[in-house]
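Q: Here it is, the structure in full.
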Ligand SMILES: Nc1ncnc2c1ncn2[C@@H]1O[C@H](COP(=O)(O)OP(=O)(O)OP(=O)(O)O)[C@@H](O)[C@H]1O
């Protein structure tokens, strides 16, 4: 790395590990200093608090855990980037380290490229903070001024991870704002000005997954007329948002794991691997742990992604946020149009199976339909939600087609639109199969992914559909 020489403190009692880390620091253009105990590290940091551009911190030290030192540093307002190193199988400690304010964590044995990427990112982070002052974390916006009790821990967790490099896994039903939160996290971190590349893993065609993710060289295969960077290449230096990560095919899971572990990728047709420096934020509405148990998702990949899980509550559990969100969406559509009290009451009473996305769509539609000054309760045609279906329970037949359900355009009652018919037909298939999506997909002659997409499109995802994940 170019620039003036910098100092890195290696806190580790393992001589071999110290030499390895020292070599990495030297290769990156820095100078390493070594502390074999917590006491030595404390003394060195106290003597020259701003001497070190970064710390490598081992957790198991002769006189205690490295976490103690990390906590002391953060409690004292010290923001030096700290790269924690843990032994294999100690990912629980990594979560703790992250919560204590670690910048990144490496699981030993760790590849040299991964160490180098971590070190360079840490130094950059430190330099950024020096020039800009410590970042305050997520900035406030309408619904964050006074968030609901359900959102408070979410926003706090987001603030904590914003400054670090650790992988974050965002959990929550469809439309709860997982991508929104991912962008907020990135916007207040050191990578704010770097690329944010979202990928919907559920929409990756199997045969093209590798080339879309990792890119290819010109002439790598018939039709490869130009070199392609791939999503990893595009996100280099920035953040990759892996949406619906639970939908990744098994082969793609292996490749993703390698990219995360090694910090390098193999574009198709490339002579050698390419080093990438990427922060990963993944999201899923599924119960990934159950997928691991059922053999659908690789356990090792799960642990790589699940370092800091943050769960977004469904909108029905944060009803206090509905007025501010609704007002913000209304203002975005037609500035100055007020939401009348009866309309707000109606919005607060609805179940919102499609969550914030459904609310946003409902407001957008109401803004188009309404002709008065303000939005009235009658301007919102909110369909009853599809209730979560216990497997044994049969859905009550719906009396009316849900014209205003998310994604279904309004139509005259006399002649339903194609979308309405499709929605009703899907509901009937689910009813026939006791609410099991896999069976319903078979019955409908479509793939499970297509069915999920349609359920999502029509706002039909049951609130605990993640728990209802079908068996493959
Ligand atoms: N707190 C918020 N303030 C304003 N808009 C929000 C907020 N949260 C979510 N949104 C908006 O709601 C919509 C849905 O959010 P988002 O796409 O992030 O959900 P998601 O959980 O990623 O959905 P999916 O699982 O379907 O991909 C987006 O248009 C987003 O901008």
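The values are calculated or read from the model by the stated rules, or taken from the named source; none is laboratory data. What you see is a predicted model; the values in this text were computed from it and never measured. As a convention, Cβ positions derive from the backbone with ideal geometry for all residues, glycine included, and neighbour counts pool all protein chains shown.
Q: Which residue pairs have Cβ atoms under 7 Å apart, sit 6 or more places apart or on different chains, and have a first residue in the stretch 161-182 that is within 12 Å of residue 309 (Cα to Cα) and a second that is part of a helix (DSSP H, G or I) and more than 15 Å from the ligand (Cβ to nearest atom)?
A: From residues that are within 12 Å of residue 309 (Cα to Cα), the pairs are 166/98; 167/304; 167/305; 168/161; 169/305.
Q: Scan the stretch 132-149 and give yes if some residue there is at pLDDT 90 or above, within 28 Å of residue 319 (Cα to Cα) and in contact with a strand residue (DSSP E or B) (Cβ under 6 Å, 6 or more places away or on another chain), otherwise no.
A: The answer is no, given that none of the residues of the stretch 132-149 is at pLDDT 90 or above, within 28 Å of residue 319 (Cα to Cα) and in contact with a strand residue (DSSP E or B) (Cβ under 6 Å, 6 or more places away or on another chain).
Q: May I pose another question? In the stretch 341-364, what count of residues is obtained for those that are more than 10 Å from the ligand (Cβ to nearest atom) and at positive phi?
A: Of the residues in that region, 1 qualify.
Q: In the stretch 370-389, which residues are surrounded by 14 or more Cβ atoms within 10 Å (Cβ to Cβ), in a loop (DSSP other than H, G, I, E, B) and at pLDDT 75 or above?
A: Those that are surrounded by 14 or more Cβ atoms within 10 Å (Cβ to Cβ), in a loop (DSSP other than H, G, I, E, B) and at pLDDT 75 or above: 370, 374, 376, 380, 381, 382.
Q: Out of the residues in the stretch 208-225 that are closer than 9 Å to residue 269 by Cβ and out of contact with any strand residue (DSSP E or B) (no Cβ under 8 Å at 6 or more places or on another chain), which is modelled with the highest pLDDT?
A: If we filter the stretch 208-225 for residues that are closer than 9 Å to residue 269 by Cβ, which is where we start, we get 216-221, 224.
Checking which are out of contact with any strand residue (DSSP E or B) (no Cβ under 8 Å at 6 or more places or on another chain) leaves us with 218-219.
Values: 218: 86, 219: 80.
Among those that are closer than 9 Å to residue 269 by Cβ and out of contact with any strand residue (DSSP E or B) (no Cβ under 8 Å at 6 or more places or on another chain), it is 218.
Q: Sticking with this one: Find the residue count for the stretch 172-182, including only residues that are touching a helix residue (DSSP H, G or I) at 6+ places or on another chain (Cβ under 8 Å) and either surrounded by 20 or more Cβ atoms within 10 Å (Cβ to Cβ) or at pLDDT below 90 (or both).
A: Adding up the residues that qualify gives 7.
Q: Of the residues that sit in the stretch 183-192 and are touching a helix residue (DSSP H, G or I) at 6+ places or on another chain (Cβ under 7 Å) and touching a residue at least 12 places away in the same chain (Cβ under 8 Å), which one is nearest to the ligand (Cβ to nearest atom)?
A: If we take residues in the stretch 183-192 being touching a helix residue (DSSP H, G or I) at 6+ places or on another chain (Cβ under 7 Å) and touching a residue at least 12 places away in the same chain (Cβ under 8 Å), then 184 is nearest to the ligand (Cβ to nearest atom).
Q: Which residues, taken from the stretch 151-176, are within 12 Å of the ligand (Cβ to nearest atom) and under 23 Å from residue 98 (Cα atoms)?
A: 151, 154, 155, 158, 170, 171, 172
Q: Ok, one more. Determine whether the stretch 101-115 contains at least one residue that is under 25 Å from the mean Cα position of the chain (by Cα), touching a residue at least 12 places away in the same chain (Cβ under 8 Å) and over 27 Å from residue 265 (Cα atoms). It would help to see each step written out before you state the result.
A: So the first thing to find is which residues in the stretch 101-115 are under 25 Å from the mean Cα position of the chain (by Cα), and the list is 101-108, 110-111, 113-115.
Right, trim to touching a residue at least 12 places away in the same chain (Cβ under 8 Å) and you get 101-108, 110-111, 113-115.
Pick out the ones that are also over 27 Å from residue 265 (Cα atoms) and you get 101.
Within the stretch 101-115, one or more residues are under 25 Å from the mean Cα position of the chain (by Cα), touching a residue at least 12 places away in the same chain (Cβ under 8 Å) and over 27 Å from residue 265 (Cα atoms).
Q: To continue, here is another question. Step by step: first the residues of the stretch 193-207, then only those that are surrounded by 15 or more Cβ atoms within 10 Å (Cβ to Cβ) and more than 16 Å from the ligand (Cβ to nearest atom), then the one that is nearest to the chain's Cα centre (by Cα). Which residue is that?
A: Per the criteria, the residue is 195.
Q: Among the residues of the stretch 341-367 satisfying the criterion of being exposed (fewer than 15 other Cβ atoms within 10 Å of the Cβ) and without any contact (Cβ under 8 Å) to a residue 24 or more places away in the chain, which is farthest from residue 174 (Cα to Cα)?
A: Top of the filtered list is 341.
Q: A further question on this structure: Provide a single number: the residues in the stretch 323-334 that are within 16 Å of the ligand (Cβ to nearest atom) and surrounded by fewer than 19 Cβ atoms within 10 Å (Cβ to Cβ).
A: The total comes to 7.
Q: Next up: Consider residue 311 carefully, then state whether it is within 12 Å of the ligand (Cβ to nearest atom), crowded, with 19+ Cβ neighbours inside 10 Å, at pLDDT 90 or above and at negative phi.
A: Answer is no for this residue.
Q: Can we say residue 338 is over 24 Å from residue 456 (Cβ atoms), without any contact (Cβ under 8 Å) to a residue 60 or more places away in the chain, away from the ligand (no atom under 16 Å from the Cβ) and touching a helix residue (DSSP H, G or I) at 6+ places or on another chain (Cβ under 6 Å)? Break it down into steps so the answer makes sense when it comes.
A: Values: over 24 Å from residue 456 (Cβ atoms): yes; without any contact (Cβ under 8 Å) to a residue 60 or more places away in the chain: yes; away from the ligand (no atom under 16 Å from the Cβ): yes; touching a helix residue (DSSP H, G or I) at 6+ places or on another chain (Cβ under 6 Å): no.
The answer is no for residue 338.
Q: I've got another one for you. In the set 267, 273, 309, which member is within 23 Å of the chain's Cα centre (by Cα) and under 30 Å from residue 103 (Cα atoms)?
A: On the way: 267 fails: within 23 Å of the chain's Cα centre (by Cα); 273 fails: within 23 Å of the chain's Cα centre (by Cα).
Within the list 267, 273, 309, the selection yields 309.
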